[in-house]
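Following: one structure in structure tokens, then a few remarks.
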């Protein structure tokens, strides 16, 4: 929840919002692609952080449109977690690495087909990401949000380079 916590608190730094507004802002930023945020958890997170004193309810409207404002404790928690995220280097957990562990269970043909399929998907993903650089600003996202796309693109490019080399190794019977 700490990533979702930072995103929610960060959205509320400048103005009070209800859950829908927080969700909408995160959608404009494209957070579902780089933050592993479950949009349904926003409402739970808002209520939990209000209970913890990180947020304050400033308006209880009709239809469940509760508006929250960040408290001083919430600002301190945001900056604490923000700095922690900048300095903590953690491995990226990718289920693909589980597949790599068992690559020896596939035939050479199956492995080559899977690698080539992955290469096609990675190329498509890279092209798609590169085509939307700058587009989110039209909907109010800050310019630096594109850096999340660039980082993801670079990670896909690194995986693409690995996969292309792996094809050669499989063809030469060096893998698995």
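Tabulated values for the structure
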quantity: Unique match (being out of contact with any strand residue (DSSP E or B) (no Cβ under 9 Å at 6 or more places or on another chain) and under 26 Å from residue 133 (Cβ atoms)) among 81, 7; calculated: 7
quantity: Residue 92 vs. criteria surrounded by fewer than 12 Cβ atoms within 10 Å (Cβ to Cβ) and in contact with a helix residue (DSSP H, G or I) (Cβ under 8 Å, 6 or more places away or on another chain); calculated: yes
quantity: Selection count where residues are outside any helix (DSSP H, G or I) and either without any contact (Cβ under 8 Å) to a residue 24 or more places away in the chain or surrounded by fewer than 12 Cβ atoms within 10 Å (Cβ to Cβ) (or both), scope region 133-157; calculated: 4
quantity: Single unsatisfied condition, residue 139 versus (1) modelled with pLDDT of 95 or more; (2) touching a helix residue (DSSP H, G or I) at 6+ places or on another chain (Cβ under 6 Å); calculated: (1)
quantity: Selection count where residues are surrounded by 12 or more Cβ atoms within 10 Å (Cβ to Cβ) and without any contact (Cβ under 8 Å) to a residue 40 or more places away in the chain, scope region 166-176; calculated: 1
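The values are calculated or read from the model by the stated rules, or taken from the named source; none is laboratory data. Not measured: the values here are computed from a predicted model. Because the Cβ atoms are built from the backbone with ideal geometry, glycine has one as well, and the counts that use them run over all protein chains shown.
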